[in-house]
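In what follows, a single structure is set out as structure tokens and then discussed.
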Amino acid sequence: MNATPNSGEGIGAPPPHEAYENAPDLRRELHQVLALGAERDGRQARPVTGPLVGPLVGPLADARAAERAWLLRRAALMDRMALDAPAPGPVAAAAETAEQLVLHDRRHPDLVAGPHHPDAITLAPGHRHYVRQEYAAWTAAGRPRN
């Protein structure tokens, strides 16, 4: 099978143009991801805007869902940046942030939204395909909301 590089063909992940179709522009998403990181690290207070996404209920569930949303958005942002500028630095950053999402999802499989678990053998070519699968499923559920 001839698959387009980074397309996700053959593993059930959407190609980048489909996965990120509803994503905010890169500049806006960069600012939002940085703000989420500041909230996560306690450098900025979290605005009270209602419940976070996720199938669980309570403060622990909110914290896990918020952590995953940040990891997913950051990994998707790095993937998009690497697609725009496929130099070694951006590609390595995309691979690293994708791996961080995979590690989180291995510990919290109940938060996986797409059809493939992060350890699916068909995802072996790279976890960036997993990021695309999860981002597409996440946006199909009406996110991001901030």
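The values are calculated or read from the model by the stated rules, or taken from the named source; none is laboratory data. None of the values given here were measured: they were computed from a predicted structure. Quick reminder, even Gly has a Cβ in these numbers, built from the backbone with ideal geometry, and neighbours come from all protein chains shown.
Somewhere in the range 61-75, is a residue assigned to a loop (DSSP other than H, G, I, E, B), more than 14 Å from the chain's Cα centre (by Cα), at pLDDT below 75 and farther than 24 Å from Tyr20 by Cβ? Taking every residue of the range 61-75 in turn, none turns out to be assigned to a loop (DSSP other than H, G, I, E, B), more than 14 Å from the chain's Cα centre (by Cα), at pLDDT below 75 and farther than 24 Å from Tyr20 by Cβ. When each of Tyr130, Tyr135 is tested for being surrounded by 18 or more Cβ atoms within 10 Å (Cβ to Cβ), among the hydroxyl-bearing types (Ser, Thr, Tyr), closer than 24 Å to Asp41 by Cβ and modelled with pLDDT of 90 or more, the lone residue that passes is Tyr135. Residues considered: Asp119, Asp110. Of these, the only one that is among the acidic types (Asp, Glu), modelled with pLDDT of 85 or more and surrounded by fewer than 16 Cβ atoms within 10 Å (Cβ to Cβ) is Asp110.
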